[in-house]
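The values are calculated or read from the model by the stated rules, or taken from the named source; none is laboratory data. These numbers were taken from a predicted model, which means no experiment stands behind them. Note that each Cβ is placed from the backbone with ideal geometry, even for glycine, and that neighbours are counted across all protein chains shown. Please note that ligands, DNA and RNA were not included when accessible areas were found on the heavy atoms of the full protein model with its side chains. Shrake-Rupley method; radii C 1.70, N 1.55, O 1.52, S 1.80 Å.
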Amino acid sequence: MVLVQRLVDFALFVLCVLAIVSVGAAALRRLALFGLSRLEQVTLSLGLGALVVAYSILLFGFLGWLHRTVFYLWLGFCYAVGATELVRLWRAKHFPPPFSEAWGDLTRTERCWVWWLVALNLLAMVLCFVPPWQFEWDSLSYHLAVPKLYWMEGRIHYIAFSHHAQFPMTAQMLYLLGLGLTNLKSAAVAKLFHWLFFVLCQLTLLSWGVAVSGRSFRLGITAAVLFASLPLAFTEAVTAYVDLATTAFGLLCLFCLCRYHHQPDGRWLLLSGLFAGATAGTKYTGLLLLPLLVLFSLWAMKRIGERHWFALVVSALAALAIAAPWYVKNWLWTKNPVFPFAYGIFGGRNWSAEMALTYTLSNREFGGSRDLLALLSLPFNLSLNEVRFGRCAREWMGRCPQRRTCRMRWKCGKFDNQDVPSLTIGILPLALAPTAIVAAIGEGIPFAVTLPTLTMLAWFVWWFWEVQYLRYLLPALGCLAVLLGWGVSRLVGRGLLTTVIVRVTITVGLGYALLVAVWQAAPLLPVAIGLVPDEEFLRETTPIYRVAEFVNSALPRRSVIATYGVPLGYYFERRYFWADSGHNRLIRYERLRGVRDLVREWERLQVSHVIIDWAFVPRESELGRWIEEGKAQGLVETVWEEGSREVLEVARRRKP
């Protein structure tokens, strides 16, 4: 049965991808861009189609039409409007060749890189069939959990307990489609959509060679291979996160701007605006691309001597229109378009100045200091995924004077929550940076490489100062891949020694990336292919799953659960909310004087049960003392307990 479910999931995913490409190709056809290669057509169709389908699901959600019948009808409509274009993409032979080089012009080593790339993508795709587990923390807490709540409700609605639910969620609309098509039986289709964005990043980077003079195949191949070799990118590809979606849309925006410079046509500006809006509609950090869109468009027009003012205005308006639904929704529901950020300017519902400050500081505690030494040592620190040179962030902020005894060492001084090889950028960015520098000094950087380089620097400045969390840097790393790919393409062939050093360096780096990927995949492959049952795997690796099994089987369907220290709610099939004081203000803890006040608040919120993980809620805390008092007074009673996790029932009648 497990294998059958895997095959059904894969078939549904293929059905969705073909529908996405179909409707995207139909939209692209109406723009009537001249001289597109098949590679560019597929890449742009995939990006446009993902955008159309995601925003269609958003519309259905607002209308309360979240139902499998609606989804299948919509996919059928996508085929109806784009089936002809899909067939043309497959069969037509009149497409111009994308590059001046052909497959036969690549060396045997470079061809091996391409086959390595194919193998890595297939491995990542297979791992998407592993059910979301403890390692995918954000998927279980909101990337998948929020779309599941929407599906269970049948509509997109205000989720008060989680500020994450107010983030832009263009990618999550595709996850909602995947969850809905399987009726919540599997998350594989949803996870495969994020893998699809991983592939879209590589297709965009491969297409980049078209935008430079000489139409370099080697540039595109090298850039795609270098990006895929990032262990962080591979790890993201097997989860239902959103950073690869942000990266893909951002790269598409910049690629269209580069193509506009190469082929002055205002329709390229329109496409870049659409993808810039999609970037901002995927993650708040995508807002950085909106001003860059205008600045780069003006610069490109100046360089080519064209004045496509109308196209520029339409492009900017398109970007705002695509991004707007998420920010308007937030304004209507929380009075803050970028909730929970900018609280000092907009305020926000179920939030406070103290919570906003705590949230900001918690983000800034990652990584190292923000001084010159940290900046200079950052290439080495990033490659090591740990601050080895300079001060850690908490020490720099004055919040941790004793670094070696810091209780936050799992976070402070690290660029991610976990110190594992799969959450690093690998060795190639640092090793190949000199190639780009040498090439730039020797002949200057073309516009199609300058644009992503400037974007990378702008993104990096924000990241360095605001939040040194590694996966937030993925869009900049995608831009870096273009720069490094160009540097490699310019240096290879200049001399035997230079060529050998560059190719050996890349091959060693790819070998390391493959080792990390295999190390990560080895314990998961038996689960992915169905040799180990999903339930058995989750019971062993994801403690909250055992809680969810009890909740889903033993508690009444009308139960309402308050959770403490338990944000991973994806596997719950009952109504729940995060009751911790740091997540929202549904319960005003500052007004409570004892356990009876707390129980009254639970009753106001119709809470029937409480789940608490004592590993994250100290028993000696005020909440811990109140719960113990409640047990003694018969206000709550334990109905299930395992390890540090406990399920309590709120007594229907309190003792006098």
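Give the whole-number value, in cubic angstrom per residue, of the convex hull volume spanned by the C-alpha atoms of the stretch 607-656. List each step's numbers first, then the result.
Numbers: hull volume 3.7 nm³, N = 50.
Convex hull volume per residue, Cα atoms: 74 Å³.
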Residue 306 paired with residue 461, simple spin-label distance in nm, labels 7 Å along Cα-to-beta-carbon: 2.8 nm
Eligible aspartates and glutamates near residue 191 by straight Cα distance, threshold 16 Å, same-chain separation 8 or greater: 9, 136, 138, 236, 243, 534
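Might you tell me the accessible area per residue for the stretch 270-332, computed with a 1.4 Å probe and given in Å²? Provide the component values of the computation, followed by the final result.
Details: 2670 Å² over 63 residues.
That works out to 42 Å² per residue.
Can you give the helix-only mean residue ellipticity at 222 nm for the chain, where every DSSP H stretch with n ≥ 4 adds -39500 (n - 2.57) and the sum goes over all residues, rounded to the nearest 500 deg cm²/dmol? Numbers along the way, then the final one.
Details: 26 runs with 396 residues, N = 656.
Helices in the chain give a 222 nm mean residue ellipticity of -20000 deg cm²/dmol.
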Between the stretch 334-351 and the stretch 282-296, the Cα center-to-center distance that results, in Å: 20 Å
Accessible surface, the stretch 495-534, averaged per residue in Å² (probe 1.4 Å): 52 Å²
Burial order of peptide ranges 165-175, 571-581 (average beta-carbon count within 10 Å, highest first): 165-175, 571-581
Cα→Cβ-extended label distance, 7 Å offset, between residue 11 and residue 540, nm: 3.0 nm
For residue 636, distant residues with modelled amide H under 5 Å away: 631, 651
Å² per residue, accessible surface of the stretch 544-656 at 1.4 Å: 50 Å²
Whole-angstrom gap from the stretch 450-526 to the stretch 89-118, using each part's C-alpha centre: 21 Å
Amide proton proximity set for residue 560, modelled H, under 5 Å, gap of 5+: 608, 609
Förster radius 30 Å - calculated FRET efficiency between residue 91 and residue 263 (Cβ-Cβ, nearest 0.05): 0.75
Whether the stretch 517-562 is rounded, prolate or oblate, judged on the alpha carbon gyration tensor where a/c under 1.5 counts as rounded: prolate
Integer Hz, Karplus 6.51/-1.76/1.60 couplings in order for the stretch 512-521, x for Gly and Pro: 5, 4, 5, 4, 5, 5, 5, 4, 6, 7
Potential lengthening between residue 313 and residue 507 on full extension [0.36 nm per residue; Cα-Cα distance subtracted]: 65.3 nm
Fraction of accessible area attributable to carbon and sulfur, the chain (%, probe 1.4 Å): 63 percent
Per-residue ³J(HN,Hα) for the stretch 217-225, Karplus 6.51 cos²θ - 1.76 cosθ + 1.60, θ = phi - 60°, Hz, x for Gly and Pro: 5, 5, 4, x, 4, 5, 4, 5, 5
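For a test of the definition: using alpha carbon positions, the gyration tensor, and the 1.5 limit on a/c, classify the stretch 504-610 as rounded, prolate or oblate. Write down the numbers at each step before the final one.
Working: a/c = 4.89, a/b = 2.09, b/c = 2.34.
Oblate, since a/c reaches 1.5 and b/c is not below a/b.
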Cβ crowding within 10 Å averaged over residues, with 430-438, 551-559 ranked highest first: 430-438, 551-559
Cross-link reach list, aspartates and glutamates versus residue 148, counting only Cα pairs under 12 Å and skipping chain neighbours closer than eight places: 573
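Over all directions, what mean area does the Cα convex hull of the chain project, stated in square nanometres?
Details: hull surface 119.5 nm².
That works out to 29.9 nm², a quarter of the Cα hull's surface.
What is the mean projected area of the alpha carbon convex hull for the stretch 316-369, to one decimal in square nanometres? Before the final figure, lay out each step's value.
Values: hull surface 20.5 nm².
Dividing the Cα hull surface by four gives the mean projection, 5.1 nm².
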Residues residue 427 and residue 558, FRET efficiency given R0 of 51 Å [Cβ-Cβ distance, rounded to 0.05]: 0.40
In Hz, Karplus ³J(HN,Hα) per residue of the stretch 500-506 (6.51, -1.76, 1.60; θ = phi - 60°; x = Gly, Pro): 5, 4, 5, 5, 5, 4, 5
Candidate lysines - alpha carbon under 25 Å from residue 414, same-chain residues fewer than 8 apart omitted: 283
Among 500-512, 34-46, the order from most to least packed when residues are scored by Cβ within 10 Å on average: 34-46, 500-512
Candidates per chymotrypsin sites (Phe, Trp or Tyr not before Pro) in the stretch 96-144, loop by DSSP, up to 15 other Cβ within 10 Å: none
Length gained when the stretch residue 603-residue 294 is fully extended (0.36 nm per residue, less Cα-Cα span): 106.0 nm
Folded to 0 to 90 degrees: helix 353-364 orientation relative to the chain principal axis, Cα: 50 degrees
Net charge of Cβ neighbours under 12 Å - reference residue 449; Lys, Arg +1; Asp, Glu -1: 0
